[in-house]
1. For n ≥ 4 DSSP H runs only, could you compute -39500 (n - 2.57) per run for the chain, divide by its residues and tell me the 222 nm figure to the nearest 500?
2. Using only the Cα atoms of the chain, build the gyration tensor, take square roots of its eigenvalues as a ≥ b ≥ c, and label the shape rounded, prolate or oblate: rounded if a/c is under 1.5, else prolate if a/b is larger than b/c, else oblate.
3. Compute the length gained on full extension between residue 65 and residue 20: take 0.36 nm times their separation in residues and subtract their Cα-Cα distance, giving the result in nm to one decimal.
4. Please give the FRET efficiency for residue 54 paired with residue 5, using the beta carbon to beta carbon distance and R0 = 25 Å, rounded to the nearest 0.05.
5. Assign one of three labels to region 30-82, namely rounded, prolate or oblate, based on the Cα gyration tensor with a ≥ b ≥ c the square roots of its eigenvalues; rounded applies when a/c is under 1.5, prolate when it is not and a/b is larger than b/c, and oblate otherwise.
6. Normalised by the residues of region 2-80, what does the relative contact order come to in percent, with Cα pairs under 8 Å and at least six apart?
């Protein structure tokens, strides 16, 4: 699905930028990056996905799978920063 591929590319570009903004095992000093990344997804991706569901372009399962992908990226950033606690926020 072209739209999801475009959104996936956006999320991966953001991810790359966040990874480049902090050193590995950066710790608590860089927690704000995870929060910012999560907020970007919530502000820019959620509404778009919601609209796609409301217009029957995506079903709930597809939307959930895509949003899981998005927040796995946040969790990977947390892992990179050595902040793994199992929560994307």
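Here, each number is a calculation from the coordinates, and none is a lab measurement. As the structure is a prediction and not an experimental result, all values here were calculated from the model. Cβ atoms come from the backbone with ideal geometry, glycine included; neighbour counts cover every protein chain shown.
1. On the way: 4 runs with 59 residues, N = 89.
The per-residue figure over the chain is -21500 deg cm²/dmol.
2. Cα axes put the chain in the prolate bin.
3. On the way: separation 45, 0.36 × 45 = 16.20 nm, distance 2.61 nm.
Stretched fully, the residue 65-residue 20 segment lengthens by 13.6 nm.
4. 0.75
5. Working: a/c = 5.95, a/b = 2.16, b/c = 2.76.
Oblate, because a/c is 1.5 or more while a/b does not exceed b/c.
6. Working: 37 pairs, mean separation 37.2, N = 79.
Normalised by residue count, the contact order of region 2-80 is 47 percent.
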